[in-house]
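Undergrad: Pasting a structure below so you can have a look.
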Protein chains: 6
Amino acid sequence: MKLLVVNPNTTTSMTNKIAKAARDVARPDTQIVASNSQNGPASIQGFLDVATCIPGLLDEVKQHNDVDAIVVACFDDTGVDAVRCVADVPVLGIGEAAYHAASMLATKFSVITTLSRSVPGLENNLMRYGLAQKCAKVRATDIPVLKLEEGDPATLAKIRAEIEEAITQDKAEAIVLGCAGMADLMQSLSDEFGVPVIDGVASAVCMAEALVAAGLKTSKIGAYAPYDAKDT
Amino acid sequence: MKLLVVNPNTTTSMTNKIAKAARDVARPDTQIVASNSQNGPASIQGFLDVATCIPGLLDEVKQHNDVDAIVVACFDDTGVDAVRCVADVPVLGIGEAAYHAASMLATKFSVITTLSRSVPGLENNLMRYGLAQKCAKVRATDIPVLKLEEGDPATLAKIRAEIEEAITQDKAEAIVLGCAGMADLMQSLSDEFGVPVIDGVASAVCMAEALVAAGLKTSKIGAYAPYDAKDT
Amino acid sequence: MKLLVVNPNTTTSMTNKIAKAARDVARPDTQIVASNSQNGPASIQGFLDVATCIPGLLDEVKQHNDVDAIVVACFDDTGVDAVRCVADVPVLGIGEAAYHAASMLATKFSVITTLSRSVPGLENNLMRYGLAQKCAKVRATDIPVLKLEEGDPATLAKIRAEIEEAITQDKAEAIVLGCAGMADLMQSLSDEFGVPVIDGVASAVCMAEALVAAGLKTSKIGAYAPYDAKDT
Amino acid sequence: MKLLVVNPNTTTSMTNKIAKAARDVARPDTQIVASNSQNGPASIQGFLDVATCIPGLLDEVKQHNDVDAIVVACFDDTGVDAVRCVADVPVLGIGEAAYHAASMLATKFSVITTLSRSVPGLENNLMRYGLAQKCAKVRATDIPVLKLEEGDPATLAKIRAEIEEAITQDKAEAIVLGCAGMADLMQSLSDEFGVPVIDGVASAVCMAEALVAAGLKTSKIGAYAPYDAKDT
Amino acid sequence: MKLLVVNPNTTTSMTNKIAKAARDVARPDTQIVASNSQNGPASIQGFLDVATCIPGLLDEVKQHNDVDAIVVACFDDTGVDAVRCVADVPVLGIGEAAYHAASMLATKFSVITTLSRSVPGLENNLMRYGLAQKCAKVRATDIPVLKLEEGDPATLAKIRAEIEEAITQDKAEAIVLGCAGMADLMQSLSDEFGVPVIDGVASAVCMAEALVAAGLKTSKIGAYAPYDAKDT
Amino acid sequence: MKLLVVNPNTTTSMTNKIAKAARDVARPDTQIVASNSQNGPASIQGFLDVATCIPGLLDEVKQHNDVDAIVVACFDDTGVDAVRCVADVPVLGIGEAAYHAASMLATKFSVITTLSRSVPGLENNLMRYGLAQKCAKVRATDIPVLKLEEGDPATLAKIRAEIEEAITQDKAEAIVLGCAGMADLMQSLSDEFGVPVIDGVASAVCMAEALVAAGLKTSKIGAYAPYDAKDT
């Protein structure tokens, strides 16, 4: 099958990291098409970026109308509902995929994300999905998204400190990495802490494959119905 | 004071109706600046329009940086969180203003909106605001937004039928009109049914004036903090 | 318009402070009628006072049947539902008005109140209004209500310490002052902490004016219907 | 043990019915002291009566300071929190007792009450107690409380019709009778419909005896702490 | 009346302690039949034990089909729903009985239980019952259930430390002892801390007596309907 | 990979149907091991069967300790938490898998299940998972599980009638088939109604593959920690 993994920011180094994370877990016969918006914010941090990245995201999605499923590779799940209105294949945000995966592996999870300003948006998403009650805490490291690209040891130290507190204080049984830019850390942190450390890109790619394999598609009645003349 | 009432769709007849509804209730010394997006959807119906109208909305807001408060005159409250990131004056959506008003006038209200495809987005908003428990039901008339502009008697008949059911079946004690295009119906329906029939434009204009008068502004720490160099 | 701002305790120094806070924000053409119960508790602290202050409150309200709206100036919103049964004008508690205002200015707020014994009642109110999910924490200073009247510097220090913790620990983006006796602190604390510090009296007066200006009244079907012969 | 069962309205025929229902289920060695308020509304229907009956209720409670537990025999549980502030013995409302009993006998129950105006108050109580999720529906018969005293066959027919709908439509597995004035119907309706039909008076009397027997008392820290000089 | 108090683990010293706690509070004319499963886990700690103890529990219940009510004396309320399917008398878990009792004595309670692994199951129960909102926190002492049988002073010290924190940090107004093996500590801890310290065995025995005295039984329509040929 | 799909009832015709549904969607390189309990109920209908099938289920799981993931093929998700305590590979119930899948394809879904007695248990599960808010209604057809095996046209007619009502009345955008015995209907009903009709077996098999491919396992700290000597 063919899967579009679209990064809704314009930073190609992140897109490359995302593409690698996707290909590492995809089925042998899955073709990963990784791309990013051509216009919009360089990183998505908070409500303004979440809103302004959408035209670029929708434009990018329109370039790939032959795919079997679409993964929106931003942990805020920005634009996922809008993309579902223009696609009938499954459309998954990496945030929701990670939360759903965590919910089947642990009774409680915590999220480790980047800036504090992103926390309320993630909490809104968790509430909308119903999964807020499975989430012990959304923890900000106050590391800007693009700082993750630099591979600074201090950055990793902050993430590790938050995971430690999530386990001991929140009683989290699993950790969700709250940014596509952390995709490369999933395996090593999981090994180090001995708990599931869940990356949204890997989760979303595999779950998208799962929905396709199960023969499922986005519902086209109600909220995601096609737009046509009679609506206007 | 000076109030920006911005219609995030491009239909000027709606903007005019909104402007009239705003001026009908505004304080004598309030200057209403009514405008609409220059680009974007002609009406906002469902998740796709909610997402794609935002760049036009943000552009329009930037033209008016000397106002004391901003009202986003779309019942979906699209872009309100994003606008709060670029303004420090109060920013209100007409949906939320109507829900908050209704919550202080009745123990339960129902919403009468346009197309069914808009219902899930409104229900999401109600949940985010915490006010879902005060809302008995969001009812769709399946009248497209722009059809409201035509003044067809059948349109009004459908709205009236839904209000009737909201009162008798949902036990709603107040009615919220779920579209800026219904702003002109508030008074006559309220008189006819003998219950508060609440229009979001009027509610938001008066509440925005109230917040300004009380000396209150949008919080600039956390989710709505200004964007600056250190975030990137 | 004419607004009744009724303090349901019998302490006239508090009524004077409330009257000043009301007049500071009211429209030029609004007449503020500030009064207090003639009988009942000197301060309202906990469930017993909340219950016993009601006859005095209702008596006082009956003296003023020509007003355009009524503000019950006790942060517990005591008697608000009962007053709505005997009035058709808008009736607002200062607690609810502050919560609704905070909800439109910040994604999360904390409340700073007086005695610990009042916290469960405030939490009940937040749950009834649906706004508990917007409230990070209700914090008690353990300062008795009437102690606020003495202007003791230690009192202000305790309030300031709780605000500090609300911002850093609760991640509150706005502060709600949880007692009518704190009305005079709104402006200075707001300036000091750089976040919205919201007083219920100012909020309720401006919101009551807003509802009146928008042509809205208390619903008279259902819970707040007039009492008449057929009910008995 | 000695149990005060206090009817917070002034209708002695209801008090007599309540006393009989209490004595029918009480332990042989329990002394039931049944009384009612000397002043206040003749029946309690909606928020105004709920508020205004409290002084009479508190006065009556003060006459009986040697009892082992107190039952407030109004289905709205009016004044229960206030009475807990002045007593250290267990204090139970008949509404809450019936809801707790129903929760241990069925996965879902419906409430059959008197006037529609009382429904929002009962729904508030269910939410405060956490038991709203166990309650399928609160159904009004629109029979005034005192009409129940007349023994009109039409009255019983309305109650029976609502029970029928609760079972078939709400999928209620148990019925809670939502008024002290229905106490005499518990047994016959239970036999007729073959489901638990739960009266609050019987539930509260037996549960109060249970709490006393288990050696439990009202907590006197926090919300129900005794009032003393240091609070004022 | 005759009451079956069944311990679903196989440890007879716990059964003896439970029997004593039951008899200490039961009515003079109540016959307590205390028994335990003949097969199954020696203690019930976490989801595996909760599941595997059920056949032994159901076997034991079947030996006693002449009782007036059944108490399942495991704080996880394991098998309670299953037992309700085979009994028409009231069936109570000691967890739910304690939570319901606590809800009528305090606005908020905390639970002190044994191992951390049991916490998620107890939290699930509280959510199912609706009473999670009354519970400030479920606290684990990390004392294994059978360790409680040894009377080690260090064990009591840990329990006391958690109660202390529940009162000061959780603002709990009552304490629920979260294990049948703590039944003997109710009175002394209650005296020491001056708050209701609630044991599930005592609560369930007295509440079971209450339901029987009130003439109530388990509903036999819906979830707990008898199984018969037509279902298979 | 190797996947255990275990039917916790003893009806081999159902196991065969489940095996076929699993193999129809599994990856080419996935080995499906389909088995069922050797002892226990022939079908799982309500709380009693849910409890009594567990020993047989756990015994069956123990026979297959070399698998990469385990699917419990009963829509009640019975024993899933217990199985997680004895496995470190991913363990999925078919109910939860279907709910999670539906949540990513539609804003609202309804469940069509067998007997009414199963509805409360499914509603409990939805609440525990947080997904109750995405579920418009759990609808019973009142068809016994084993009746589904007979291929009676009247059976299919009842299911179709409920789907029709779910779409028109509940505004469900997707349908979840609430019994493993309906696995063969997924495709034809999906085609007929033009909405996603989701079978739990297909969903769980593909999601289990997804979790394995993403390198994820069941958390072994907290609720699902291995049992060892120190706990006893």
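Undergrad: Evaluate peptide F:124-135: per residue, the Cβ atoms of other protein chains within 10 Å of its Cβ; return the mean as an integer. If you can, show how the numbers build up before the last one.
TA: Working: counts 6, 1, 1, 7, 9, 7, 12, 6, 2, 7, 3, 1.
Per residue, the average neighbour count from other chains is 5.
Undergrad: Roughly how many whole Å is it from the C-alpha centroid of the range C:1-79 to that of the range D:1-69?
TA: Cα centroid of the range C:1-79 versus Cα centroid of the range D:1-69: 31 Å apart.
Undergrad: Could you give the nm distance between label points at C:N65 and F:Q38, where each point is 7 Å from its Cα heading toward the beta carbon?
TA: 8.4 nm
Undergrad: Add +1 for every Lys or Arg and -1 for every Asp or Glu among the other residues with Cβ under 12 Å from the Cβ of B:D68, and state the total.
TA: Numbers: positive: B:K2, B:R27, B:K217; negative: B:D29, B:D66, B:D88, B:E209.
That works out to -1.
Undergrad: Which distances, shortest first and in nm, link F:Y227 to the matching position in the other copies, using label points set 7 Å out along Cα to C-beta?
TA: 2.3, 5.5, 5.5, 5.8, 6.1
Undergrad: Spin-label point model (7 Å from Cα, Cβ direction): what's the D:K2 to D:D142 distance in nm?
TA: In this crude label model, D:K2 to D:D142 measures out at 4.6 nm.
Undergrad: Calculate the tail of P(r) for the protein assembly as shown: the fraction of all Cα-Cα distances greater than 58 Å, expressed in %.
TA: Pairs farther apart than 58 Å: 14 percent.
Undergrad: Ranked highest first by the average count of other Cβ atoms within 10 Å around their residues, in what order do B:90-98, F:27-35, F:75-83, D:116-124 fall?
TA: Working: B:90-98: 28.8, F:27-35: 16.1, F:75-83: 26.1, D:116-124: 22.1.
Taking the mean over residues of other Cβ atoms within 10 Å, the ranking is B:90-98, F:75-83, D:116-124, F:27-35.
Undergrad: Okay, next question. Once you average over the residues of C:92-104, how many Cβ atoms of partner chains fall within 10 Å of each Cβ? If you can, show how the numbers build up before the last one.
TA: Numbers: counts 2, 1, 0, 0, 3, 4, 1, 3, 11, 7, 2, 6, 16.
Other-chain Cβ atoms within 10 Å of each residue's Cβ, averaged: 4.
Undergrad: Evaluate the relative contact order of the range B:96-200 (contact order divided by residue number), counting alpha-carbon pairs under 8 angstrom at least 6 apart; express in whole percent.
TA: 34 percent
Undergrad: Over the C-alpha atoms of the range C:96-200, what are the Rg and the largest Cα-to-Cα span, Dmax, in Å?
TA: For the range C:96-200, the Cα-based Rg and Dmax read 12.4, 35 Å.
Undergrad: Something else now. Between chains F and C there is a rotation axis; tell me the chain F residue with the nearest beta carbon and how many whole Å away it sits.
TA: Spelled out, residue of F and its Cβ distance from the axis onto C: F:Q133, 7.
Undergrad: Give the percent of DSSP beta bridges with both residues in the range D:96-200 that are antiparallel, rounded to the nearest 5.
TA: Of the beta bridges lying entirely in the range D:96-200, close to 0 percent run antiparallel.
Undergrad: Averaged over B:141-147, how many beta carbons belonging to a partner chain fall within 10 Å of each residue's beta carbon?
TA: Mean inter-chain Cβ contacts per residue within 10 Å come to 2.
Undergrad: Normalised by the residues of chain B, what does the relative contact order come to in percent, with Cα pairs under 8 Å and at least six apart?
TA: It comes to 23 percent, rounded to a whole number.
Undergrad: While we're on this one: From the label point of B:K62, set 7 Å along Cα to the beta carbon, how far off in nm is each other copy's matching point, shortest first?
TA: Shortest to longest, the spacings are 2.1, 6.2, 6.8, 6.9, 7.6 nm.
Undergrad: What FRET efficiency comes out for the pair A:D29/F:A154, r = Cβ-Cβ distance, R0 = 35 Å, nearest 0.05? Walk me through the intermediate numbers first.
TA: Details: r = 42 Å, r/R0 = 1.21.
So the FRET efficiency works out to roughly 0.25.
Undergrad: Taking amide H positions as placed in the peptide plane 1.01 Å from N, state which residues far from A:T141 in sequence (5 or more) or on other chains have amide H under 5 Å from it.
TA: Those qualifying (amide H under 5 Å, at least 5 residues apart or on another chain) are A:T113, A:T114.
Undergrad: Which distance in Å, rounded to a whole number, links the C-alpha centroids of the range B:167-198 and the range D:82-99?
TA: 40 Å
Undergrad: Tell me the mean residue ellipticity at 222 nm calculated for chain E from its helices only (DSSP H runs of n ≥ 4, each -39500 (n - 2.57), averaged over every residue, nearest 500). Walk me through the intermediate numbers first.
TA: Values: 9 runs with 95 residues, N = 232.
Per the formula, -12000 deg cm²/dmol.
Undergrad: If each label sits 7 angstrom from Cα along the C-beta direction, how far apart, in nm, is A:D142 from its counterparts in the other copies?
TA: 2.9, 2.9, 5.4, 6.1, 6.2
Undergrad: Counting Lys and Arg as +1 and Asp and Glu as -1, what is the net charge of the other residues whose Cβ lies under 9 Å from the Cβ of F:E173? All intermediate terms of the calculation are to be shown ahead of the outcome.
TA: Details: positive: A:K220, F:K108, F:K171; negative: none.
Net charge in that neighbourhood comes out at +3.
Undergrad: Now for a separate question. Of the candidates A:G46, A:G178, A:G151, which one comes out as most mobile in a Gaussian network treatment of chain A with C-alpha springs shorter than 10 Å?
TA: Of the options given, A:G151 has the highest mean-square fluctuation.
Undergrad: Then there's this: Sum up the charges of everything whose Cβ sits under 14 Å from the Cβ of D:T218, counting Lys and Arg as +1 and Asp and Glu as -1, but leave D:T218 out. Mind dumping the intermediate values first?
TA: Details: positive: C:R117, D:R84, D:K217, D:K220, E:K108; negative: D:D68, D:D81, D:D88, D:E96, E:E173.
The answer is 0.
Undergrad: Sticking with this structure for a sec: Quick one: which residues, 5+ away or cross-chain, put their amide H under 5 Å from the amide H of B:Q31? H built at 1.01 Å from N.
TA: Under 5 Å from the amide H of B:Q31 lie the amide H atoms of B:K2, B:L3, each far enough along the sequence or on another chain.
Undergrad: Once all Cα-Cα distances of the range F:84-129 are split into 5 Å bins that start at 0, what whole-number percent is in each one?
TA: 4, 16, 24, 26, 16, 9, 4
Coordinate-derived values only; no laboratory data. Note that the structure is a prediction, hence the values are computed from the model and not measured. Counting neighbours? That spans all protein chains shown, and the Cβs are built from the backbone with ideal geometry, glycine included.
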